[in-house]
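*Asks:* Questions regarding the structure given below will be posed in turn.
The values are calculated or read from the model by the stated rules, or taken from the named source; none is laboratory data. All values reported here derive from a predicted model rather than from experimental measurement. As a convention, Cβ positions derive from the backbone with ideal geometry for all residues, glycine included, and neighbour counts pool all protein chains shown.
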Amino acid sequence: MTDTPTFDLSNADQFRSWDGGSGAFWTERAERFDQGMAGYHGELVKAADIQRDSAVLDIGCGSGQLTRDAARIAADGSALGVDLSSAQLDLARALAEKEGLANATFVQADAQVHDFGESCFDVAVSRHGTMFFGDRQSAFANIARAIRPGRRFVQLTWQALDRNEGISTFRTIAAGGRELPPPPAEAPTPFSLSDPDRVRQLLHEAGFVDVELTGLTLPMYYGRDVDDAFDFIASHFASAFAQLDDESRARALDALKADIAEHLTDEGVRYGAAHWLIRATRP
């Protein structure tokens, strides 16, 4: 889209990132990110309980795998994916067209403030798309307004950092082996919705009921072999590695490759991971 979407000022940094470098990286590596989430994706789709005539809203849709799968199930309905990244949305549209999914549409929008209309959707879903809002309560309230009474909101978010072997390991190695403090709980990071009590509070305050969190622990795929995984992970954490001096960076990259080699299995490189599958209902 050529027009800049309306976004909340609290999300300005996120917009610059996702419509810039982060969005470009995720677009380039879209298939790898989908592969990494393969063990969790089916659980999310199943929990959404999408019907043939459902109207589905996908928050933070990225390159649109979840939106497209929802559109396939809702053959007589529709699926709308929204994201801040124009690059990922361009890819999502191209893939939907290639797959013949005319009922899948994509809009560049900030879901915290975008007008979705009142009671327009049967189900809202999100796979890693709700952790980065500047004001999560406002965002969830806006999403609640868009869902029809009695219908559901289903999300997949990370559990705490120390429950996720891959990210915690890569983060430490990229810092030169230093133990870093955990990300601030209120900051827009991948772990901002890792505290179950906080999640329940936010969703209840936004107007949802019957909030339920189910823990899922499945390994995540990072590459077919050591070199493939190393290329992906080193690129993903490139900004952290860049903060080290040349000697420290070389040692850290060697340590990363060695650790990856220890996690090579017959099914590729895999690290332990843990997520929350979150269900909530608009009363």
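*Asks:* Could you check how many residues of the stretch 197-246 are hydroxyl-bearing (Ser, Thr, Tyr) and either surrounded by fewer than 18 Cβ atoms within 10 Å (Cβ to Cβ) or free of Cβ contacts under 8 Å to residues at least 24 places away in the same chain (or both)?
*Replies:* 4
*Asks:* I'm checking my understanding of the structure. Among residues of the stretch 91-141 that are among the acidic types (Asp, Glu) and touching a residue at least 60 places away in the same chain (Cβ under 8 Å), which one is farthest from residue 42 (Cα to Cα)?
*Replies:* Among them, the one singled out is 135.
*Asks:* If you scan the stretch 52-79, which residues turn out to be under 19 Å from residue 11 (Cβ atoms) and out of contact with any helix residue (DSSP H, G or I) (no Cβ under 7 Å at 6 or more places or on another chain)?
*Replies:* 60
Quick grid of which residues meet (1) within 30 Å of residue 279 (Cβ to Cβ); (2) of a type in the set (Val, Ile, Thr); (3) touching a Phe, Trp or Tyr at 6+ places or on another chain (Cβ under 8 Å):
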site	(1), (2), (3)
153	yes, no, yes
182	yes, no, yes
202	yes, no, yes
227	no, no, no
241	no, no, no
250	no, no, no
260	no, yes, yes
264	no, no, no
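*Asks:* Which of the residues spanning the stretch 126-174 are surrounded by fewer than 22 Cβ atoms within 10 Å (Cβ to Cβ), in contact with a Leu (Cβ under 8 Å, 6 or more places away or on another chain) and in a loop (DSSP other than H, G, I, E, B)?
*Replies:* Those that are surrounded by fewer than 22 Cβ atoms within 10 Å (Cβ to Cβ), in contact with a Leu (Cβ under 8 Å, 6 or more places away or on another chain) and in a loop (DSSP other than H, G, I, E, B): 128, 131, 134.
*Asks:* A further question on this structure: Under the condition of being aliphatic (A, V, I, L, M) and touching an Asp or Glu at 6+ places or on another chain (Cβ under 9 Å), which residue from the stretch 130-147 is farthest from residue 58 (Cα to Cα)?
*Replies:* Taking the candidates together, the pick is 141.
*Asks:* Moving on to the next point. Residues of the stretch 200-256 being assigned to a loop (DSSP other than H, G, I, E, B) and either of a type in the set (Lys, Arg) or at pLDDT below 95 (or both), which ones? Don't jump to the end; show me each part of the working.
*Replies:* Narrowing the stretch 200-256 to residues assigned to a loop (DSSP other than H, G, I, E, B): 206-208, 218-219, 224-225, 237, 242-245.
Hit for the stretch 200-256 is 224, nothing else.
*Asks:* Considering only residues that are closer than 25 Å to residue 270 by Cβ, touching a helix residue (DSSP H, G or I) at 6+ places or on another chain (Cβ under 8 Å) and either touching a residue at least 12 places away in the same chain (Cβ under 8 Å) or among the acidic types (Asp, Glu) (or both), which ones fall in the stretch 177-196?
*Replies:* Residues satisfying the conditions are 177, 179, 182, 183, 190, 191, 193, 194.
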